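Colleague: This is the structure, below, for whatever I ask next.
The values are calculated or read from the model by the stated rules, or taken from the named source; none is laboratory data. Keep in mind that what you see is a predicted model, and the values were worked out from it rather than measured. Here Cβ is always computed from backbone atoms with ideal geometry, including for glycine, and neighbour counts include all displayed protein chains.
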Amino acid sequence: MDIDEFESARPRLIAVATRMLGSRADAEDAVQEAWLRADRADDGGTVDNPAAWLTTVVSRICLDRLRARRDTAPLDGVDRPDPAPGPDEHAQLAESVGAAMGAVLDDLAPAERVAFVLHDVFAVPFDDVAAVLGKTPAATRQLASRARRRVSGVPRPDAARADAVRAFLAASRDGDFTALVDLLDPDAVFRTHTDGAPSTVLTGAPAIAEAFLFKAKTALVALVDGLLGYTVRLPGATDYLLLGDVTFTAEGRIAGLDVTLRTEEVAGSEVVPL
C-alpha cells in the first residue's frame, strides 16, 4: 500500500480509533500499528479500497485492545432489535457518543462498542462490521442495537469538567501559577505529539503549570473527536491546529493533557465548540 493512500485515510482512522478507545494517544498507536501491518503485508499488490481496508484493520486492532482491557464474554442472548434509526436519530446518537465517550462506551462490551461506533457513527454497512467482528450481520445488528439503547439516554459532558477546562485555560492566559496547580492532580501528565509522533512528556502539577504560564491565548473548550478538550488555531497558519484532550481524576482534577499539533489532518478532526 502506498504511503500517500495511508496518509489520506489517517484522519478518518484516527477518528474511528479515538471513539473506540477513548484516547487520542491510544488511537495514534492503533493507527500506527495498522500501518506497520499494512507495510509488512504488502506483497506489491493493490487494494481496491484502501480506506475501507485500513478501517477494517484499525477496527480489529481496537477490538483486540478493548478485549485486553476487560475480560468480557460475548453476549450471545437474543434481544429484540430496535427499529433502525433514521438520519436525524443517527445524528443525535453520534452527538451523544461524542458527548459521553468516556462515561458510557467504557461500559459496553468490546463487540458492542465496535459495532455501534462503526455503524451508527461512521455509517459502515453491517456486512462490513460483521466481517470485522467475525459474526453474522444479524448478530452484529443486535450488538449495535444493545449499544444504541444504552447510548441514546446519555447526558452531555459533565458541566463541571468543561468549566474546569475553561478555568485552566483562563489561568494559563493570566499566568496564574497557583490556580493552575490547584486544578491539576499532583501526579498529572502532559504529553505533546506532532502529527502522531510523541515529542514531550512532563509529569507533576508544578512542571505542567510552569509550561502553561501565559499560554492558551486563543484556546477554546471543545469536543475534539468526541473527547473533552480544547483547540488552538495558530496565528498566521490556518492549516495548523493544536488539539488538546483533557482527562480527569474521580475527584475532578485534571489528570492528563494530550496536546497534538495537526497539520494535514486538521480537516479530518471533528471539533465541536462547547
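Colleague: From G204, G196, G236, G256, grab the single residue that is modelled with pLDDT under 65 and surrounded by 15 or more Cβ atoms within 10 Å (Cβ to Cβ).
Modeller: G196
Colleague: Output the qualifying pairs, or none if there are none: Cβ atoms under 6 angstrom, residues six or more apart or on different chains, first residue in region 15-27 and on the phi > 0 side of the Ramachandran plot, second residue surrounded by fewer than 21 Cβ atoms within 10 Å (Cβ to Cβ).
Modeller: G22/G102
Colleague: What are the pairs with Cβ atoms under 7 angstrom where one residue, in region 182-196, is among the aliphatic types (A, V, I, L, M) and the other, located anywhere, is part of a strand (DSSP E or B) and at pLDDT below 85? Sequence gap at least six, or different chains.
Modeller: Close Cβ pairs satisfying both conditions: V189/V201.
Colleague: Is it true that A94 is at pLDDT below 70, within 28 Å of E5 (Cα to Cα), outside any loop (DSSP other than H, G, I, E, B) and within 17 Å of the chain's Cα centre (by Cα)?
Modeller: When the stated conditions are applied, A94 passes them.
Colleague: Continuing with this model, one more query. Restricted to region 116-139, and to residues that are assigned to a helix (DSSP H, G or I) and touching a Leu at 6+ places or on another chain (Cβ under 6 Å), which residue is surrounded by the fewest Cβ atoms within 10 Å (Cβ to Cβ)?
Modeller: So the residue we want is D120.
Colleague: Do you know which of the residues in region 16-68 that are more than 25 Å from D120 (Cβ to Cβ) and part of a helix (DSSP H, G or I) is modelled with the highest pLDDT?
Modeller: Going through the qualifying residues, I end up with Q32.
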